[in-house]
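Data block below; observations after.
The values are calculated or read from the model by the stated rules, or taken from the named source; none is laboratory data. All values reported here derive from a predicted model rather than from experimental measurement. Here Cβ is always computed from backbone atoms with ideal geometry, including for glycine, and neighbour counts include all displayed protein chains. SASA here: full protein model, heavy atoms, side chains in, ligands and nucleic acids out. Shrake-Rupley method; radii C 1.70, N 1.55, O 1.52, S 1.80 Å.
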Amino acid sequence: GNTLRHTIFFMLLLQSSIAHTRVPSLFGRAFARTSVRTAATTVNAPPAGGGDTGSRSALDETDKKGRFVRTPSLFRNFITKDPEARFPPASDRYHLYISYACPWANRCLAALKMKGLDKAIGVSVVHPTWQQTKPGEDEHTGWVFKSEDDPPVSSSTGMGSFPATGCIPDGINNAKSIRELYEKAAEANLKAGKGNGDPGKKYSVPLLWDKKEGTIVNNESEDILRMLNREFSDFEEPGSKKYDLYPDNLVNEIESVNSWVYDNINNGVYKCGFAKSQEAYDEAVENLYKHLDKAEEILSEQRYLAGSEITEADIRLFMTLVRFDEVYVVYFKCNIRPISSYPNLLNYCRDLYQTPGLGESINMDHIKTHYYTSHPTLNHYAVIPAGPAVVDDLSKPHDRDRF
């Protein structure tokens, strides 16, 4: 009896051991590989421009408590009208690289169009689905360039088929990826004695490029937005409306609004979506809706966030709101309440979308395709939801004229 029991015990033990070392499914291998890479780069991620710990994306930017912490931008040069400026304003000298999907890049494109700078500054648009940027060398995925006549691409895990409709390739440097531009700029700066040759480890958009020096001027959306607003007035198209998105008399109000909108709403949705602990998510979603309620209250009393004039504060908030019901409610678990249920925020979005230059900067196909196809740990099969047709709603009449 004892011999039989011992035999059964060791057979069960062996079976258990085999079960726990069995090769996982394709889904499991992909998920595990991504998770391990994310965890490793999160622990070791340096500050911008720091040591070489491997390329990374926004998914890797979390602290030890699972909170999303965005990496600062690395290139912070400025275009100014100063006679001694390294980067003076000029027509056809600078080029803007963007993704329609990225809200930070989208705000810059909106400003460029609202200011009538389409002919002064060229634009390239990346494919919305992240691809491997150096196949065979590392596993980094990020923004790549495609032409509209290129064949569709799949997600990095081989799922789906996503066309290059609306993409504009890089006709300046003929780069295949945004990463390539960062590396090219770092090399150019090193040769010119203006940098240490480090391109950073996160290859983001927007990216403002100087064709004369062959380098990146700036990759911080706030800086780019303000340069487009103030420094290129001599190159605005005749007949374009003269918006001042950062007027001197509203600077204090704009900065006050930007501070809570950025941290709790613009970045807040990412804190929800990329949270890696329940504690981090709960904290982020509470702050998000607290400040959406605050915006709703302000907009019940005035047409725009800073008063009676449209400013950069409105563009910055709008870029999050326009993505909210299509993406963030589902994908980032921001599902307490959609924007469509806020009377003032909804009509405010309609008003802004119908503002010349602003609405035409929105490409919802790119927006949805990027989010739902570029993060395998969040949506492995790259299935894109059908609704809820936000752009159709934004074309409807609004009530903001009452102010």
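Observations
- Applying the criteria of a DSSP loop state and at most 14 other Cβ atoms within 10 Å to the trypsin sites (Lys or Arg not before Pro) of the stretch 203-239 yields K211, K212.
- As a rough guide to protection, the peptides 320-330, 240-250, 359-369 ranked by mean Cβ packing within 10 Å, highest first, stand as 320-330, 359-369, 240-250.
- Geometric extent, Cα atoms of the stretch 124-270 - Rg, Dmax (angstrom): 18.4, 54
- Note on the stretch 263-403: with charges restricted to the Cβ of Lys and Arg (+1) and Asp and Glu (-1), its dipole about the Cα centre is near 280 debye.
- The lysines whose alpha-carbon is closer than 22 Å to the alpha-carbon of K242, local same-chain residues fewer than 8 away aside, are K81, K113, K115, K119.
- Distance histogram for the stretch 303-403 (every C-alpha pair counted, 10 angstrom bins, percent rounded to whole numbers): 14, 46, 30, 9, 1
- Summing +1 for each Lys or Arg and -1 for each Asp or Glu among the other residues whose beta-carbon sits under 14 angstrom from that of P169 gives -3.
- Cut-off 14 Å between beta-carbons: net charge of the residues surrounding P128, Lys and Arg +1, Asp and Glu -1: -1
- Lysines whose Cα lies under 17 Å from that of K194, excluding same-chain neighbours fewer than 8 positions away: K184, K211, K212
- The Cβ shell under 12 Å around N258 holds other residues with a net charge of -3, Lys and Arg each +1, Asp and Glu each -1.
- Once the Cα gyration tensor of the stretch 224-333 is diagonalised, semi-axes √(5λ) in Å: 30, 16, 12
- Taking amide H as placed 1.01 Å from N in the peptide plane, L207 has its amide H under 5 Å from the amide H of Y97, each at least 5 places away in sequence or on another chain.
- Expressed as a whole percent, the accessible area of the stretch 200-357 that falls on carbon and sulfur atoms is 46 (1.4 Å probe).
- Shape descriptor for the stretch 210-268: Rg over Rh equals 1.05 (Cα atoms; Rh from the Kirkwood inverse mean 1/r).
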